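Enquirer: Handing you a structure now.
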Amino acid sequence: MIECKNISKIYRNGMVETIALKKATFTIKDGEFVAIVGPSGSGKSTLMHILGALDAPTSGEYLLDGQDISKFSDDELADIRRNKIGFVFQSFNLLPRATVIRNVMLPLVYSGVPVQEREIRAKKSLQNAGLDESRFYHLSNQLSGGQMQRVAIARALVNNPTLILADEPTGNLDSKTGEIVLETFRNLNKQGKTIVLITHERYIAEQAERIISIKDGEIIEDTINGKINSLSKIVKQIKE
């Protein structure tokens, strides 16, 4: 699904250059559950923005489903974000005075889904995210943090994307609620969804099957079930 080849990102402000990513190279297959972990300022959020077609690399190639999306127009990139990728953020980004069901239906409005189908799909998505049906018509600001994050997950799922990008999805939650949200991601992965989870917490990353560690813009380790990824070894040898 995802193939990154020597992805670098440099931000320029006048004469000052900030290197956010340095030749990141890795692949993610369909159906994987991958965590990208690193401290603040390591480049992980920059990498997520590139994977989500929200930003473009300064150099290198990013292929999504075999296509180099750096050559796509703004409209084509918007279509990818709308139909192929579901985003889940730490801050939930829900409309506080709208009901749960309306929050989840919103992406369907932009996708041109007929009115009669929107509520059906939104309810199914909320069920998949594990939210109790008694909450569907509550205002989003009447929910707990964990419930709001489930609504955000449901909204990310409603267009049936193949890839879910979650940026610090447990950051605003207590540990018990965070575990419930992580279990939701694990269940979605079992259903065939590709999950990429961004976090600065190692114990959160360890919930995934594979961990890509990043520091100072460079990928320093790539492990699958605790073992070094063979491809990661090859890339490291080439760099050396």
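Every read-out reported here was derived from the displayed coordinates using simple, explicitly stated rules and does not represent laboratory data. Model, not experiment: these values are computed from the prediction. Here Cβ is always computed from backbone atoms with ideal geometry, including for glycine, and neighbour counts include all displayed protein chains.
Enquirer: How much length would be gained if the chain were fully extended between residue 201 and residue 19, taking 0.36 nm per residue of separation minus their Cα-Cα distance, in nm to one decimal? Mind dumping the intermediate values first?
Expert: On the way: separation 182, 0.36 × 182 = 65.52 nm, distance 2.28 nm.
Length gained between residue 201 and residue 19: 63.2 nm.
Enquirer: Now for a separate question. Contact order normalised by length for the chain, with contacts defined as Cα pairs under 8 Å and 6 or more residues apart; what percent is it?
Expert: Relative contact order comes out at 28 percent.
Enquirer: Would you kindly state how much longer the chain becomes between residue 40 and residue 175 on full extension, computed as 0.36 nm times their sequence separation minus their alpha carbon distance, in nm to one decimal?
Expert: So the chain would gain 46.6 nm between residue 40 and residue 175.
Enquirer: Of the listed values [x] 57, 49, 34; [y] 57, 40, 35; [z] 68, 43, 31, grab the one calculated as Cα extents along the principal axes in Å from the structure here.
Expert: Label [y] holds the value from this structure.
Enquirer: OK, next. Given the peptides 11-24, 126-139, arrange them by the average over their residues of other C-beta atoms within 10 Å, most packed first.
Expert: 126-139, 11-24
Enquirer: Let me ask something additional. Local charge sum around residue 168 (other residues, Cβ-Cβ under 13 Å, Lys/Arg +1, Asp/Glu -1)?
Expert: Here the charged neighbours net out to -1.
Enquirer: Starting from the Cα of residue 71, step 7 Å along the direction of its Cβ; do the same at residue 10; then give the gap between the two resulting points in nm.
Expert: So the two model labels end up 2.4 nm from each other.
Enquirer: When the label point is put 7 Å from the Cα of residue 82 along its Cα-to-beta-carbon vector, which residues of the stretch 113-128 have a backbone N closer than 15 Å?
Expert: The answer is 113-115.
Enquirer: Which one of 57, 33, 14 has its Cα pushed farthest toward the positive end of the charge dipole of the chain, where Lys and Arg give +1 and Asp and Glu give -1 at the Cβ?
Expert: 33
Enquirer: Describe numerically, in nm with one decimal, the distance between label points set 7 Å from Cα along Cα→Cβ at residue 58 and at residue 91.
Expert: 2.6
Enquirer: Further question on the same structure: So how much slack lies between residue 127 and residue 221, counting 0.36 nm per residue of separation and subtracting their Cα-Cα distance, in nm?
Expert: 30.2 nm
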